[in-house]
Amino acid sequence: MTAAAPRPTPGRRRTRRALAIATGLVLAVALVNVLFGGGLATAQEDTGEAADDGLLQRGAQIFGAQCALCHGENGRGLPVDGPDGGPPLIGVGPASVDFMIRTGRMPLDNANERMRHREQQMSDQDRRAVVAYVTSLAPGEGPGIPDIDGWEEADLSRGLELFTTHCAACHGPTAAGIAVGQRDISSNLDIATPLEIAEAIRSGPGVMPAFNDEILPEDDVEAIVAWVRDLRERDSPGGLALGRSGPVSEGFIAWALGLGLLMIVMYLLGEKADEDGDDHGRA
Amino acid sequence: MTTTDEPRHRSALDDVARWLDDRLRLAEGSRRYWRKAFPAHWSFLIGEVALFSLVVLLFTGTFLAFFYVPDTRLVVYDGPYVPLQGQEISAAFDSTLRLSFEVRGGLVMRQIHHWAALVFVAAITVHMLRVFFTGAFRRPRELNWVIGVLLLLLAFGAGFTGYSLPDDLLSGTGLRIGYSVLLGIPFVGPLIGFIGLGGEYPGTDVLGRLHILHVMLLPAGLIGLVTAHLVILVRQKHTQKPSRKATNDNVVGEPLFPHQTLTSLALFAFTIAVLALLGGLFEINPVWLYGPYEPFQVFAPAQPDWYMGWLEGMLRLWPNWEFTVLGLTIPSTFLPGVILPGLIFTVVGAWPWIDARWITKDHDEHHLLQRPRDVPLRTGIGVGGLVFLLSIFIAGGNDVLASNTSTGLQTITAILRVATIAVPFLIGWIAYRMARGLKENELAVTAADPTRTEPASGPPR
């Protein structure tokens, strides 16, 4: 059970938890085997011919150490309730795995954590290994890593149009991100690289829908990438754009800076309470 | 207008003045007007900022109207803004883009106009709060209070119509929300909507009509009511803080010339300066990022300008209750979108009478201001009402709040629902207790040391 293999510096709690999970995992695998007649267990044997063996082995190793705890042995998923039960990864496709690791969303240090954009948590080589390994679990399935080399020449105007049609409903017109439900906040795309944007479009991380190439052909993905980058790069002709969260930040500026400054002016221009024999009234 | 017989060099200005005076009798009684007393305290200047913002709005708005085209007909954009080149957009949006990118000074005018609108309503609000908490609305000034409330309503109307004109995605979304609330009015809503748009949503006439409202009817109403507001103010004279000099029977202040003239001119200049600063340095409503309005598109967050935030918040907070009365379905937008705002405005508008009838039970004429502590109940209700409005105002940005605090959207909404009902009572009660405490303390001090009592000039209480 590679899933229970201890991490470099396991605390006692962690060890206990890992043991409990391992037990659960064994039971789950047993259950799956009973239900599906062991069909899934053979998945790994069918694969591996396409990719480089060394890379695959490294991938399997990292997967066992860092992913299988939640995603289950051989990426079958862990059908338990709660945060420890990760989704199966068989057939999710390279774009999804690459996106999750590249943006530091995975692997999580703690299953209770919210996925968020971080530094990549492993080396590029290791990421490639894990991607190759997970891909080998179901070769050819799921969206591949998109090729968007041409995004710099893509049609901006089409990008804006597609972005407002498909993306702005959740990411906001300026791609600043916004709450889209109880648990989820759409990402601020300011920090996303072109490849990450494209991978997210194809794989649909979290609650985001995936857009396949029938809905958005490669040109369209490139156009969206171009527009999102343009949002960030283009000088704002109107001056300082604080936060760009629309009328909320604008209202704040109007009160704090606009009326605020004018209140100071009024105070300096007008008579204050203690001037001209005014003695605060009657008491 | 020298009163001495000393020979004096007559300038061209004197000639013009004399010529005019011969015909219009300007000098007659002019001394009285030049000496009209104005209140000196700084808090009386807030209303002037609102007035000056309105002036800035009228001038910048006139400039914008030279270039804006209220037409939904589609044109192909071929201006300098690359990301929209080749797209089919409405002539209205096209003209807004032209104003922003091609007309010299167009963008800064647009931005000053928009900032001025935000500051205009903010100044009205603060002005209203001063009048409310100092009891300046009491007899004989009830009428001017009502005119002030109507001015605020017109300002809302002007803001909403202006927000809808550029025909970008955000403005279209605002219009859509307004239209949906309108549709929810039983019996007449759909009819008014149909007539207003000249057909089914979105229609082709709506921008032209909003434009006429925005550049003609609403400004005319604003100017008319502001004039009435000022004429009544001059006629009734201003209120004043009680002091040794200022009593209920006199008016103490600074003469219009030169004191008040200089103060007002300086404030006017500063208002223009601050609005120009905002317009020149801070981006507002970057419609070119939002793209053209398509009825099938929407984005989040879609907020209105701040002064409509409490209406938006009410819609967001209100549970999705839809019920049927006598076969008539009342949609969930009707109560929070129409009835409650109507109720709030009715109470605010009728406040002078509510105040006299139930709060102070005082129907006498008053020209002296009160301090918030003098009428604890009014202060408590006022603070409570303010907290209520603030709470639903915050709810108008619940999605922005949720993502900035990493809290669940529903959690925020649930908290705000409870807060909107409970917190106003709590804070209002605290304000009431504080005001009462201060008042009682003062009475105790006065009783202990009668020499501190104000002489006869104090207000009759």
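None of the figures in this text is laboratory data; all of them are computed from the coordinates on show. Please read these numbers as outputs of a predicted model, since none were measured by experiment. No Cβ is skipped: glycine too gets one built from the backbone with ideal geometry, and neighbour counts run over all protein chains shown.
With the convex hull built on the Cα atoms of the stretch B:37-308, state its orientation-averaged projected area in nm².
If I average the Cα hull's projected area over directions, I get 16.6 nm².
Using the alpha carbons of the stretch A:130-173, what is the convex hull volume per residue in cubic angstrom, as a whole number?
Spelled out: Cα convex hull of the stretch A:130-173, divided by residues, is 131 Å³.
Using unit Cβ charges (K, R positive; D, E negative) and no other charged atoms, how large, in debye to the nearest 20, is the dipole of the stretch B:37-308 about its Cα centre?
Magnitude of the dipole: close to 1420 debye.
State the answer as a single residue: which of B:ALA123, B:SER264, B:PRO301 lies farthest towards the positive end of the charge dipole of the stretch B:37-308, with beta carbon charges of +1 for Lys and Arg and -1 for Asp and Glu, about the Cα centre.
The one lying farthest along the dipole's positive direction is B:SER264.
Please report the relative contact order for the stretch B:1-149, taking Cα pairs under 8 Å with a sequence separation of at least 6, and give it as a percent rounded to a whole number.
So the answer I get is 23 percent.
Taking neighbour counts of Cβ atoms within 10 Å as a proxy for exposure, in what order, fewest first, do B:TRP321, B:TRP306 appear?
Sorted ascending by nearby Cβ count, the order is B:TRP321, B:TRP306.
Run the numbers on the stretch B:37-308 and let me know its relative contact order in percent, using alpha-carbon pairs under 8 Å that are six or more apart.
32 percent
Would you work out the charge dipole size for chain B about its Cα centre, treating the Cβ of every Lys and Arg as +1 and the Cβ of every Asp and Glu as -1, and quote it to the nearest 20 debye?
Dipole size: approximately 1700 debye.
Given the DSSP H assignment, sum -39500 (n - 2.57) over each helix run of at least 4 residues in chain B and divide by its residue total; what's the result at 222 nm in deg cm²/dmol, nearest 500?
-19000 deg cm²/dmol
Can you list the aspartates and glutamates whose alpha carbon sits under 20 Å from that of B:LYS439, skipping same-chain ones fewer than 8 residues off?
A:ASP278, A:ASP279, B:ASP355, B:ASP362, B:ASP374, B:ASP449, B:GLU454
As a footprinting exposure proxy, order A:ILE224, B:ILE430 by other Cβ within 10 Å, with the fewest listed first.
Arranged by neighbour count, lowest to highest, A:ILE224, B:ILE430 become B:ILE430, A:ILE224.
By what distance, in whole Å, do the Cα atoms of the protein assembly as shown stretch along each of the three principal axes, largest value first?
116, 69, 60
State to the nearest 20 debye the size of the charge dipole of the protein assembly as shown about its Cα centre, where the only charges are +1 on K and R beta carbons and -1 on D and E beta carbons. Mind showing how you got there, number by number?
Working: 60 positive and 76 negative charges, 799 e Å.
With Lys and Arg at +1 and Asp and Glu at -1, about 3840 debye.
How would A:LEU69, B:LEU230, A:LEU216 line up from fewest to most surrounding beta-carbon atoms within 10 angstrom? Don't skip to the answer; put the middle values down first.
Values: A:LEU69 24, B:LEU230 14, A:LEU216 19.
Ascending Cβ contact count within 10 Å gives the list B:LEU230, A:LEU216, A:LEU69.
Is the stretch A:59-125 best put as rounded, prolate or oblate by its Cα gyration tensor, with a ≥ b ≥ c the root eigenvalues, rounded for a/c under 1.5, and otherwise prolate when a/b is larger than b/c, oblate when not?
Oblate shape, in that a/c is at least 1.5 and b/c is the bigger or equal ratio.
Which whole-number percent gives the relative contact order of chain B, counting Cα pairs below 8 Å spaced six or more residues apart?
Dividing the mean separation by the residue count of chain B yields 21 percent.
From the Cα gyration tensor of chain B, with a ≥ b ≥ c the square roots of its eigenvalues, which class applies: rounded if a/c is under 1.5, or else prolate if a/b is larger than b/c, or else oblate?
Taking the square roots of the gyration eigenvalues as a ≥ b ≥ c, chain B is oblate.
Among all helices in chain B defined by DSSP H, which have a length of 30 Å or more along the axis from Cα atoms plus a Kyte-Doolittle mean of at least 1.6?
Span-like helices here: B:46-67.
Net charge within 15 Å of B:PRO140 by Cβ-Cβ distance, Lys/Arg positive one each and Asp/Glu negative one each, not counting B:PRO140 itself?
Here the count lands on -1.
Is the stretch B:267-327 rounded, prolate or oblate when judged by the Cα gyration tensor, a ≥ b ≥ c being the square roots of its eigenvalues, rounded requiring a/c under 1.5 and prolate requiring a/b larger than b/c?
oblate
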